[in-house]
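Written below as structure tokens is the structure these notes are about.
The values are calculated or read from the model by the stated rules, or taken from the named source; none is laboratory data. The structure presented is a predicted model; accordingly, all values stated were derived computationally and were not measured. So basically every Cβ, Gly included, is an ideal-geometry build from the backbone, and we count neighbours across all protein chains shown. Areas reflect the complete protein model, heavy atoms only, side chains present, ligands, DNA and RNA absent. Shrake-Rupley method; radii C 1.70, N 1.55, O 1.52, S 1.80 Å.
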Amino acid sequence: LLIKQRSYALHTGRPTMSSADEDTASDNDGWIQLMGDDLVMKVISTGTEDASTEARDQAEVGDGVIIDFTGHQLGSFDDDGTITKDLPFIEKQGCLIALGDGDVVPGLEMATRFLRSGDKAIVKCRSKYAYGAGGRRADSSSKSNLKDLPPNSDVVFTVCIREIIPTRQLLQSDDIKLQLASSKKQIGNEIYQYEWDKHGLGKARALKLYGKARDSMIELIGEIENRNDGDSASSDTNNTTKQSAIVILVDCSNNISAVHLKAKSYGLAKDSAATVLQYDPNNIKALCRAARAAIFDPAGTFEECEAAVACAEEIDAENADVKRLRVDLDRRKRQHKKREKAMYSKMMVGGSSSVESKQGALEGSAEDHKDIPATTSANNGIPPEYAYLFASFLITLGTLILFLLVSSTKSDQAGIDSHEL
């Protein structure tokens, strides 16, 4: 299995290799260049002894592949990668991926593309084909024997191909579709937890995997609903499969909402929560995330927030998240009302102070009046809301007096005219 990156066409056929290429690879101690010197691979074992090379096809784009792999930070790209004393930063057994979906980092996915079932290989990747500027944080649990991978680190993977599932089998088996979607969700969860970074790389990968899993489950649910199985056993199986698909769909959509909330994309968070509620109207997690997005959304209204929190309270008023949302919403309402009162008070007090300062300038110098306290409602201890009501009363009273004076003048004028006539 000696392959050069220059001799394959990813979408049109199998990679091939000339005899000259074989000599070159042999001179390089078996290292195969997949992307120049930045991504190289060495096969260290080739499956079972009784399995011929011809019988063990390589995986193609769209196939499912079950792999075991372990990743270590690579101190120097010149190291052979076979011996390391460092703890791994990632270790997976029986991980189901779909080639071409980006379930794993590019270097590992490309290497898997050129291995056969049962093969084991070492893959060295520059950081751009691994975890890039984001790196990967280790699991902080006490059971974890993993280490952090710093940003921009070169890595080495040891990968073993356990099984290749052809595309046609993926398309025909509901169980494998469920397994693949569940695997994408799990990988997305780990990316969200361990690969979230300020560059947005982890966010993009998590959203991509959650989205693919969600879409595949929506498609599977549609297929099941269009089936006309008269057999009761088949009908029961379809119903069970449909419920399993809905669970994965709801989980992925809820996770998409969580990603958008963390990224402060509140409109998208509400949209994803709405998708959940289409399939599970009483999903408390989706209701809480929709309410939280509405509360934090600058374009949201208190009416929208109140409706979202009220819906969550109808389902589970004792839920801790629901209670926190109610407290947060009530606090924001009080703060908003306080700001409104302060604004009105400032407008009224500011206008009164402006008039008094002008009168003071006409009546005397600033020195003559420096010890006289300002006669504002705030300094006299009058609450702002009463100052506002008192000012409104004075304006109304003045308008009424003016109206009466004008009416009286017109009446007197009418009497004079009549007398003259």
Item checked: Residue among A342, A299, A294 that alone is at pLDDT 90 or above and at negative phi -> A294
Check: Looking only at residues in the range 135-155 that are without any contact (Cβ under 8 Å) to a residue 60 or more places away in the chain and under 10 Å from L87 (Cβ atoms), which one is surrounded by the fewest Cβ atoms within 10 Å (Cβ to Cβ)?
Finding: N145
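Only one of N283, N319 is polar (S, T, N, Q) and within 29 Å of G200 (Cα to Cα); which? Break it down stepwise before answering.
Working: N319 fails: within 29 Å of G200 (Cα to Cα).
Among N283, N319, only N283 is polar (S, T, N, Q) and within 29 Å of G200 (Cα to Cα).
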Notebook entry, point to check: In the range 180-192, is there at least one residue being of a type outside the set (K, R) and over 30 Å from S244 (Cα atoms)?
Noted result: no
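Looking at the range 177-184, is at least one residue surrounded by 15 or more Cβ atoms within 10 Å (Cβ to Cβ) and assigned to a strand (DSSP E or B)?
Filtering the range 177-184 down to residues surrounded by 15 or more Cβ atoms within 10 Å (Cβ to Cβ) leaves 177-184.
Now drop any that are not assigned to a strand (DSSP E or B), which leaves none.
Looking for residues that are surrounded by 15 or more Cβ atoms within 10 Å (Cβ to Cβ) and assigned to a strand (DSSP E or B), one finds none in the range 177-184, hence no.
Which one of K212, K177, K184 is at pLDDT 95 or above and over 19 Å from the mean Cα position of the chain (by Cα)? So that I can check it myself, show each step before the final result.
Details: K212 fails: over 19 Å from the mean Cα position of the chain (by Cα); K184 fails: over 19 Å from the mean Cα position of the chain (by Cα).
Step by step, each of K212, K177, K184 is checked, and only K177 is at pLDDT 95 or above and over 19 Å from the mean Cα position of the chain (by Cα).
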Next item on the list: Filter the range 228-269 down to residues that are open to solvent by 40 Å² or more (accessible area, probe 1.4 Å) and among the β-branched types (V, I, T) and give me whichever is farthest from N282 (Cα to Cα).
Entry: T237
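Name every residue in the range 209-227 that is part of a helix (DSSP H, G or I) and loosely packed, with under 14 Cβ neighbours inside 10 Å, in order of residue number.
So in the range 209-227, the residues part of a helix (DSSP H, G or I) come out as 209-225.
Within the range 209-227, D215, E219, G222, E225 qualify.
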Notebook entry, point to check: Which pairs do you get when a residue that is within 17 Å of G300 (Cβ to Cβ), found in the range 332-344, comes within reach of a residue that is surrounded by 11 or more Cβ atoms within 10 Å (Cβ to Cβ), reach meaning Cβ atoms under 9 angstrom, with the pair 6+ apart or on two chains?
Noted result: R332/I295; R332/F302; R332/C305; K333/F302; K333/C305; K333/E306; H336/F302
Next item on the list: Under 7 Å between Cβ atoms, at least 6 apart or on separate chains: pull out the pairs that start in the range 84-111 with a residue that is among the basic types (K, R) and end on any residue that is at pLDDT 95 or above and open to solvent by less than 50 Å² (accessible area, probe 1.4 Å).
Entry: K92/D68; K92/F69
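Of all the residues that make up the range 193-202, how many are within 11 Å of the chain's Cα centre (by Cα) and buried (at least 21 other Cβ atoms within 10 Å of the Cβ)?
Start the filter on the range 193-202 by keeping residues that are within 11 Å of the chain's Cα centre (by Cα), which leaves 196, 200, 202.
With buried (at least 21 other Cβ atoms within 10 Å of the Cβ) added as a condition, the list becomes 202.
Within the range 193-202, residues that are within 11 Å of the chain's Cα centre (by Cα) and buried (at least 21 other Cβ atoms within 10 Å of the Cβ) number 1.
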Margin query: Given (1) open to solvent by 50 Å² or more (accessible area, probe 1.4 Å); (2) closer than 30 Å to I224 by Cα; (3) part of a helix (DSSP H, G or I), identify the lone condition not met by A274.
Written below: (1)
Next item on the list: Identify all residues within the range 281-333 that are surrounded by 14 or more Cβ atoms within 10 Å (Cβ to Cβ), among the acidic types (D, E) and assigned to a helix (DSSP H, G or I); write none if there are none.
Entry: E304, E306, E313, D316, D321, D328
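Going by the conditions given, is S173 more than 30 Å from A299 (Cβ to Cβ), surrounded by fewer than 16 Cβ atoms within 10 Å (Cβ to Cβ) and hydroxyl-bearing (S, T, Y)? Walk me through it before giving the result.
Working: more than 30 Å from A299 (Cβ to Cβ): yes; surrounded by fewer than 16 Cβ atoms within 10 Å (Cβ to Cβ): yes; hydroxyl-bearing (S, T, Y): yes.
For S173, the condition - more than 30 Å from A299 (Cβ to Cβ), surrounded by fewer than 16 Cβ atoms within 10 Å (Cβ to Cβ) and hydroxyl-bearing (S, T, Y) - is met.
Could you count how many residues in the range 110-136 are in a strand (DSSP E or B) and among the hydroxyl-bearing types (S, T, Y)?
Applying the first criterion (in a strand (DSSP E or B)) to the range 110-136 yields 116, 119-125, 136.
Retained after the next criterion (residues that are among the hydroxyl-bearing types (S, T, Y)): none.
So the count comes out to 0.
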